[in-house]
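The values are calculated or read from the model by the stated rules, or taken from the named source; none is laboratory data. All of these numbers come straight from a predicted model, not from anything done at the bench. Counting neighbours? That spans all protein chains shown, and the Cβs are built from the backbone with ideal geometry, glycine included.
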Amino acid sequence: MNKEVIIFSDLDGTLLNHKNFSFDEILVFFKKISKKTIIVPNTSKTFSEVKKICEDSFLNNPFIVENGSAIFIPINLKLTLSNKLETQEGYYKLVLGSDLEDLIKFTNLEKCKKFTSKCSFLYKMNIKELKESTGLSNSILMNSKKRDFSLPFLWNGTKELFEKFNFIANSHNYKILKGGRFYHLIGNVDKGKALKLILKIYKNTFKKKFLSISLGDSPNDIAMLENTDYSGIVKAFSNKKLYLKKDKNVFYSSIVAPKGWEQVLKMMPPIKKIN
Ligand SMILES: [Mg+2]
């Protein structure tokens, strides 16, 4: 392994354009970088969605799904893994989050009723309703309904009521994350914890330290952006600026995805060196 850099990248709004979910505009740059670094998708998307993106873009790397809930590692990479792991469609599966059944059980608790009455859960909505409220295409919606470790929902209540719901979720060791469009009720996981585990696996396998870069655009990326050597924030479509506790090696793009992905990476010294 002569690669030295691992890039953890959010997908929606960071690599993929907010509207058409494409990164064709920067394909030449992406291919060049993917040959010289290890690009690890770290997203709220599901296994089947990310697997397809990896196949389409010839990425044979680990990836993190559903906001840090699980890590999938191609079996053929032969990375050093400590436990006997479950496999799924050519990948090892490391689960860090809570499964769907537990999450649904929690939302059905009596004390959650006044909050869940203000939630439109994706798994309960039909495609027609979903299309109306998100404007997304059928195939994208079908895929995002198939989740294993998080319950996405649209919130129709007040901010105050939401805070109370979040508090109850926390007291049950769950949390609510805000993504680009949806809120996600998930286990006590985040993109940062999962990222650290992948860095550890690479360090153990190759007996060397890898330089880490993270790229994100929204609040659910903060735990990832705080935990790498270099952090790139792609301008959000919503124009909301993200602030990190760390201030060293933090870079901001002035344009949205996918061009912002290329712009912010090109600002970073380790990428300048290999580009
Ligand atoms: Mg995003």
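Confirm whether Leu136 is within 16 Å of the ligand (Cβ to nearest atom) and either within 22 Å of Ser98 (Cβ to Cβ) or exposed (fewer than 15 other Cβ atoms within 10 Å of the Cβ) (or both). So Leu136 does not fit the description; no. When Lys209 is tested against (1) in the same structural domain as Ser9 (by TED's automatic domain parsing); (2) on the phi > 0 side of the Ramachandran plot; (3) modelled with pLDDT under 95, only condition (2) is not met. Restricting the range 96-111 to residues that are surrounded by fewer than 17 Cβ atoms within 10 Å (Cβ to Cβ) and of a type outside the set (Asp, Glu), the residue that is modelled with the lowest pLDDT is Leu100. Determine which member of the set Val250, Val256 is farther than 30 Å from Leu100 by Cα and touching a strand residue (DSSP E or B) at 6+ places or on another chain (Cβ under 6 Å). Answer to the selection: Val250.
Show me the helices (runs of 4 or more DSSP H) found entirely inside the range 173-275 where at least 1 residues are more than 15 Å from the chain's Cα centre (by Cα) and hydroxyl-bearing (Ser, Thr, Tyr).
191-206
Checked across the range 222-235, the condition of being charged (D, E, K, R), touching a residue at least 24 places away in the same chain (Cβ under 8 Å) and surrounded by 23 or more Cβ atoms within 10 Å (Cβ to Cβ) holds for no residue. Taking the range 20-39 as the range and being part of a loop (DSSP other than H, G, I, E, B) and free of Cβ contacts under 8 Å to residues at least 40 places away in the same chain as the test, only Asn20 passes.
Within the range 46-56, the set of residues being within 16 Å of the ligand (Cβ to nearest atom) and under 25 Å from Leu211 (Cβ atoms) comprises Val50, Ile53. With respect to being crowded, with 22+ Cβ neighbours inside 10 Å and farther than 30 Å from Phe153 by Cα, Ile64 falls outside the description.
From the list Leu185, Leu197, which one is farther than 19 Å from Phe63 by Cα, touching a strand residue (DSSP E or B) at 6+ places or on another chain (Cβ under 9 Å) and more than 16 Å from the ligand (Cβ to nearest atom)?
Leu185
Restricted to the range 154-172, and to residues there that are free of Cβ contacts under 8 Å to residues at least 60 places away in the same chain and assigned to a loop (DSSP other than H, G, I, E, B), the residue that is farthest from the ligand (Cβ to nearest atom) is Thr158. Pairing each residue of the range 51-70 that is under 18 Å from Tyr183 (Cα atoms) and not assigned by TED's automatic domain parsing to the domain that holds Asp148 with any residue that is among the acidic types (Asp, Glu) and buried (at least 18 other Cβ atoms within 10 Å of the Cβ), provided the two are 6+ apart or on different chains, yields C-beta distances under 6 Å for Gly68/Asp190.
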